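Contents: one structure, followed by commentary.
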Amino acid sequence: MSSDEVQQPALGAVALNGIGKAYRLYDKKWGRAAEWLGAKDQHHLHWVLRDISLQVSPGEAIGIIGENGAGKSTLLKLITGVSRPSAGHIALGGQVSALLELGIGFNDMFTGRQNALDMLRLTGASDADAPALIEDIQAFADLGEYFEFPVRTYSSGMQCRLAFATATAVRPDVLIVDEALAVGDVFFQQRCFDRIQGFRESGTTLLFVSHSVSAVYALCDRAVLLRDGGIVADGEPRTVIDLYNAQVVAKTSGQGLTVIAETQPAAAVSEDGTEEPTTPNKAGTAGTSELTPGSYLEGSVCLASVRVSQFGTAASAVIADKPMEVCAKFSFTTTLADVHAGMQVRDARGDVIYRSHTHGLGHPLGDVCTADRLEVCFQFEARLLPGDYTLTIGMGAGGKPGGSLESSLLRHQDIASFSVIRSPDDDFWDGRVNLQPKVTHRREAAEVPPE
Amino acid sequence: MALPLGLNRTWAYRRFIFGSVGQELRARYAGSLLGGLWVLLQPLALIVIYSVIFSSIMRPGLPDETRPFAYTVYLCSGLLLWMFFVELLTRSTGIFVQNGSLLKKVNFPRLALPIIALLSALLNYAVIMGVFFVLLVIVGFLPGVVALSALPIIAIAAGFAIGLGLACATINVYYRDVEQFIGIITQLWFWLTPIVYPVTIVPERFHGFLMWNPIAPLVEAMHAIFMEGRAPIWSSLTAPAVTALVSLVLGAWVYFRLGSDMTDEF
């Protein structure tokens, strides 16, 4: 907002120091007017953000995640300068371009072209550059003849395309994107990602709010988790997203789940003692040694051990496309009805490759009693690309129609890891899923052989 | 002074301002068949209606006038200034609320908005005055160089409207009642201003009261220029000029005092 900083921050740098935002709420309609006329305070403050400090280096890409109402959008509004912080200090370096909410305040009556021109003027683009930029916007938004139609005839997806194309026509030093990519088809999203990636390679700082966790994975090298107006986690996207997901589960699943926010020794895991804790062999078979962020537990069930094996022996590396097995041993401290064990395989970036549970797989485990032990094994073929993978093991109860569970009891995030190696005689493929196509072909020989 | 949305920053957005004025003109008539003609047809209709209704009633009011169309010229010189004033006042009163969705999404100097309103109102007024001058030539009332003394009058009216408008616009963000209130006030105000009637028909003892209305001396000054072809009595414009200045200061004060958190209301 104010550009009169004593010290101008570096291009693309964002520094938030103790930012807070409070809205004034008035109990009586006349309260505000009474204050203007000199009456004592008639309002109380509703703090939506408190004590936010965040240093963003030029070129960093930060994903801001959190549940609805956590204050994400408000934070971006403060950074953009459309709203003033009630406390603290914001310093921004260079040109900022922002896509706040959907659309960027288009005038409904005007055509896409006119609106684009208007927005370019708003960002201070010179008239000399405008024609080329408009052409670029037209090409990127790809609206066809709609570019010449009034914006009121646009679908929300089309508005979003025009907004994104316009806001990114000139490479900004700081790009702020709030949920803008949620609409639009997959091809357009891909192009948006490509453009953002290109900006990043040129040194643009990105501040990105999204509900789409995979977008944060794809674009960001740092994530910030907001909760009730404060920063609760700031770090690698994977860790922060895991924590966020666990919080969401804990919230929807209701009572008693303890979410692990920081890595801690898993003393509780094998507390029954009778089960020998499998040697924490680092990468390899089981390492029930640590509870990583994003795990949660409740107390009624313990994960005693996890074992990854292939060809009957524990393995830290498995051969691709060959059968492998994941076995998890649980113990129970209460009686539980209809328990189900779940398994998740994630790649090195943290993206989920596969996840399901015994209810989803149609293999009920039945009820358990106090002090029961249960071993569950998942056998499958390792149809994975060569690389490192982690295993997450969980337990829930109460299978519902449609494949979901009524409650979550425990999750051990990334409890074990394994690598996949390719045997030289296997098919070569790349991508996410091994589709194992059967190849056929038919050749029609040319009737007259070429000379 | 480090005003958050200072004028220097507004100047940097001049391209947006000029572009918006042009678009505003187009927008007003976008989707209409006659387009720009409506700029003229609307005041024309009013003038014809008032002329027809009041010229017969008011004839005794303009006693020394025997020239044809005298009343129409009298009416136009005041009415057009009034319409400019009211348009500017009402437009600027609603300007922040109407642009709320833009204000909460894009960071730009908000003062650009009232400036856009001012420029487009001036442009409208200029077009209508052009037509008025054609009429003056036809009916033989053309005042000559003295017409230039209308410029300071228009400036005073503009300053008054924009200052008052800025104050109203800011309060209107928090209390939308202002918009409604202004709508009613201007109706009343119109009849308290000697536009359709000459001051002479008002009983003498109310004259002092009438001149409390800052618009009345301005309208009277226009009458002097266009009816009598003479420059206005400049001293009569002191009060309106001071009022305009005060309203500008008031508008700026209210805006900077109350307006800084207005985006929280949208």
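Peptide B:105-112 shows a mean partner chain C-beta count of 6 within 10 Å per residue C-beta. Other residues lying with their Cβ under 11 Å from the Cβ of A:Q95 contribute a combined charge of 0, Lys and Arg counting +1, Asp and Glu -1. Taking a ≥ b ≥ c as the square roots of the eigenvalues of the alpha-carbon gyration tensor, the stretch B:93-181 is classed prolate because a/c is 1.5 or more and a/b outweighs b/c. Only loop residues by DSSP count here, and only those with at most 14 other Cβ atoms within 10 Å; note down the chymotrypsin sites (Phe, Trp or Tyr not before Pro) in the stretch B:177-214 that meet that. Sparse-neighbourhood loop chymotrypsin sites (Phe, Trp or Tyr not before Pro): B:W212.
Computed over the stretch A:3-239, the Cα gyration tensor eigenvalues convert (square root of 5λ each) into semi-axes of 31, 23, 18 Å, ordered from largest to smallest. As I understand it, the value is the acute angle between the Cα axis of helix A:156-167 and the longest principal axis of the Cα atoms of chain A; what does it come to in degrees, rounded to 10? The angle comes out near 70 degrees. Quote the relative contact order of chain B in percent (integer), defining contacts as alpha-carbon pairs under 8 Å separated by 6+ residues. Reported as a whole number, the value is 28 percent. If I fit a long axis through the Cα atoms of helix A:112-122 and take the longest principal axis of the Cα atoms of chain A, what angle between them do I get, 0 to 90°, rounded to 10? Long axis of A:112-122 versus the principal axis of chain A: about 80 degrees. Projected over every direction and averaged, the convex hull enclosing the alpha-carbon atoms of chain A yields 34.3 nm². To the nearest ten degrees, helix B:112-139 and the longest principal axis of the Cα atoms of chain B are 20 degrees apart. Name the most mobile residue of B:G251, B:G140, B:G229, meaning the one with the largest mean-square fluctuation, in a Gaussian network model of chain B with Cα contacts below 10 Å. Comparing B:G251, B:G140, B:G229 in the GNM, the peak value goes to B:G140.
Among the trypsin sites (Lys or Arg not before Pro) found in the stretch A:310-376, those both in a DSSP coil and sparsely packed, with 12 or fewer other Cβ atoms within 10 Å of their Cβ, are A:R349.
Listed as lacking a disulfide-compatible partner in chain A: A:C160, A:C192, A:C220, A:C302, A:C369, by the criterion of no other cysteine Cβ under 4.7 Å. Loop-located trypsin sites (Lys or Arg not before Pro) across the stretch A:20-127 with a Cβ neighbour count of 16 or fewer within 10 Å are A:K28, A:K29, A:K40, with loop assigned by DSSP. A simple rule links phi to the HN-Hα coupling: the Karplus curve 6.51 cos²θ - 1.76 cosθ + 1.60 with θ = phi - 60°, which for the stretch B:143-150 gives x, x, 4, 4, 4, 4, 6, 5 Hz, with x for Gly and Pro.
Other protein chain C-beta atoms within 10 Å of residue C-beta, averaged over B:39-51: 0.
Please compare each pair in A:K251/B:K105; A:K29/A:K77; A:K40/A:K251; A:K251/A:K329 to a cut-off of 30 Å on the Cα-Cα distance and tell me which ones are over it. Violating the 30 Å limit, Cα to Cα: A:K251/B:K105; A:K40/A:K251. The separation of the stretch A:51-100 from the stretch A:378-451, counted between C-alpha centres, amounts to 39 Å. Normalising the Debye intensity of chain B to I(0), with uniform scatterers on Cα atoms only, and taking log10 at q = 0.07, 0.08, 0.12, 0.13 Å⁻¹ returns -0.27, -0.35, -0.78, -0.90. Entry note, the protein assembly as shown: the mean residue ellipticity at 222 nm calculated from DSSP H runs of n ≥ 4, each adding -39500 (n - 2.57), is -12000 deg cm²/dmol after division by the residues and rounding to the nearest 500.
The distance separating the Cα centre of the stretch A:292-355 from that of the stretch A:143-203 comes to 41 Å.
Every number here is computed from the coordinates shown, using simple stated rules; none is lab data. Keep in mind that what you see is a predicted model, and the values were worked out from it rather than measured. Cβ sites come from the backbone with ideal geometry, for glycine too, and all protein chains shown count toward neighbours.
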